[in-house]
C-alpha cells in the first residue's frame, strides 16, 4: 500500500493489526542485530552500513518535520552520529530502528524549537469543521479512489498529498510517516516517540482524515464532481 492509498482508506480508531497478534508471540529477532554488534565493536564499515541502511529513512522523517533541506541534513548527521557513538546505551527493549527514529525525531523537534517556527501547520480546529461528531467526513459518500491510479494525475496527487502532509501538526506528521510510510506498528511508534499507543492511533486516524479531505478537495476541483463537492464546501464553511 502506498502513501496515497493509506490516506484514503477507511480508518477505524480501535482497529489495528497489532491486536490480531497471538497472545504469546515469539520474541522477535531484531533484523538489525548484526548491524548493532558491528557498531558496538566499532567495525570500520559499521557507520557506512548504518548510513546505507537508515540514511534515506531518517532523512524522510527529518525533512517532513523540519521542512528544510539544510536542517534535515543536519538532523540526519546528528542522529546517525549519536546512534553510532551511543549504541552502547541501546538495550534492545525495542527495535533498533525505533530507537533510531526516536533520536531523529528528538533532533528534528529540537531544530524546530531553535528556529521557533511552526511552518504552515493547520490546527485541528480547522479539520474538525468538516467532520461530524463521530469523526466522519460530512457528506462523504463519493468513492473516487479508483481515479488515484490514473497516471495522468499521479504526479499531481503526490504533490497535493506532500503539501497536505507538510501542513499536519509536527507530532501527527511524524506519526503518520512512521506508520504509513515507514510501516512501523503502533507499538513501535509509541516506543520511538515515547507516547501511549492510544495517542498514536488517534494521531494516525486524524491525519488520514485530514489528508483524505485534502485529496477530496483536489479531486473536486480537478474533475468538477458535484457529488463530492459537499466535502470541499464543508471544508470552507
Exercise. Taking Rh as the Kirkwood radius computed over C-alpha pairs, what is the Stokes-Einstein D of the range 66-117 at 37 °C in a medium of viscosity 0.692 mPa s, expressed in µm² per second?
Worked result: 286 µm²/s
Exercise. In what sequence do 89, 53, 104 fall when counting other Cβ within 10 Å, fewest first?
Worked result: 89, 53, 104
For this session: Please arrange 198, 172, 84 by counting, for each residue, the other beta carbons lying within 10 Å of its beta carbon, fewest first.
Result: 198, 84, 172
For this session: Work out Dmax and Rg for the range 30-115 from the C-alpha atoms and quote the Rg first, both in angstrom.
Result: 12.6, 37
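Here, each number is a calculation from the coordinates, and none is a lab measurement. The structure presented is a predicted model; accordingly, all values stated were derived computationally and were not measured. Here Cβ is always computed from backbone atoms with ideal geometry, including for glycine, and neighbour counts include all displayed protein chains.
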